[in-house]
Amino acid sequence: MQTNTHSEVYRRYPKGDPSWLIDMLQDLQEERGYLAEEEMQRVADHIGVPVSRVYGVATFYNQFRFQPFGDYVIKVCRGTACHVKGSFDLLTTLETELGVKAGETTRDRVFTLETVACIGACSIAPVIAVNEQFHGGLTTKSVQKLLRTYRAQATKKEAAHEPVS
Ligand code: FES
């Protein structure tokens, strides 16, 4: 993922041509994982439209995100089978525990919470996926326990990166 100030993407698209707006946003997101706020103005300047138009388009489509992903991306399945088995309660528990709503990332950037449609594991509903690892048959209690496990793992990883004094 590139984090420098000026992307290759700007060289790929002609200046002053608004018809490339969506393509540019897609490429920038692919490159950086999300659309940073300052990128909106830069795109607007490049294609020659007001920044409000760039925001308008970017917020209209669900595919665009404005925050980087956390280290752990939690996807709560909201398909029918999971819904019937209580996935809404799992979602609200996770929202409360993490202090974010679905679609958001925690301030420490450790967790991103998302909802998804059926992820194909209905037999173990309700299911959540954490970085593509499935956890089924969850209750509000067990999802809290699971979150504690991931928190501990995150803390351990962070500690391992700290310089040894
Ligand atoms: S509805 Fe959740 S896995 Fe199918």
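The values are calculated or read from the model by the stated rules, or taken from the named source; none is laboratory data. What you see is a predicted model, and the numbers here were worked out from it, not measured in a lab. Positions of Cβ are generated from backbone atoms using ideal geometry, with glycine treated the same way; all protein chains shown enter the neighbour counts.
Some observations on this one:
- Residue in the range 97-118 that is outside the structural domain of D23 (by TED's automatic domain parsing), assigned to a helix (DSSP H, G or I) and closer than 26 Å to K157 by Cβ present: yes
- Residue satisfying all of: in the range 127-165; under 18 Å from R78 (Cα atoms) and in contact with a Phe, Trp or Tyr (Cβ under 9 Å, 6 or more places away or on another chain); modelled with the lowest pLDDT among these: N131
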